[in-house]
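For reference, the structure discussed in these notes is given below.
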Amino acid sequence: MPHTLLLIDDNAIQAATRQTILKRAGYFVIAVLSPEHALRQFRNREYPTPIDMIITDHLMPDMNGAEFVRCLREFAPDIPVLVVSGMAEAEEEYRDLNVDFHLKPVLPDILLSSVLGLIESKTSTSI
């Protein structure tokens, strides 16, 4: 069974592009445009399969990526998270939140290697 990724980005075009790249690499990708919606569904286990990793944008309306991760860490402290942002200064907001941070644009090869690395690190720590 492929790994399941939760992809959060309020920009539908960016989300669809990343979703296509990840699906072609063999991942099952659930794309959500709202961080609040994603958080509620994740907390309530409403997804069809367990989430192995989360990829989130930083700058989104109502709740930015750092706020999302802080809320997420309250009940899922160990799930791997990759944050993608066009703002270098945003990286500071993720200090001590146990995430990988990449500046946009993230080339497909970099995205895929980061996802693979995070999933492998989760797998090796849970053995």
Determine which residues of region 28-68 fall in the zone a paramagnetic label at residue 87 would reach in this model, i.e. backbone nitrogen under 16 Å from the point 7 Å along Cα→Cβ.
35, 56-68
Residues of region 7-22 with backbone nitrogen within less than 14 Å of a virtual label 7 Å along the Cα-to-Cβ line of residue 73, please, listed as ranges.
none
Which of 26, 69, 113 sits farthest toward the positive end of the charge dipole of the chain, with +1 on the Cβ of Lys and Arg and -1 on the Cβ of Asp and Glu?
26
Determine, at each q value in 0.22 (inverse angstroms), the log₁₀ of I(q)/I(0) that the Debye formula gives when each Cα of the chain is one equal point scatterer.
-1.56
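What value, in deg cm²/dmol to 500, does the helix sum -39500 (n - 2.57) over DSSP H runs of n ≥ 4 give at 222 nm once divided by the residues of the chain?
Numbers: 4 runs with 51 residues, N = 127.
One gets -12500 deg cm²/dmol as the mean residue ellipticity at 222 nm.
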Note down, for region 1-56, the three equivalent ellipsoid semi-axes (square root of 5 times each alpha carbon gyration tensor eigenvalue), biggest first, whole angstrom.
17, 15, 6
How high is the relative contact order of the chain, given as a whole-number percent (alpha carbon pairs under 8 Å, six or more residues apart)?
23 percent
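Only the coordinates and a few stated rules stand behind these numbers; no lab work does. Since this is a predicted model, take the numbers as computed values, not measurements. Cβ atoms come from the backbone with ideal geometry, glycine included; neighbour counts cover every protein chain shown.
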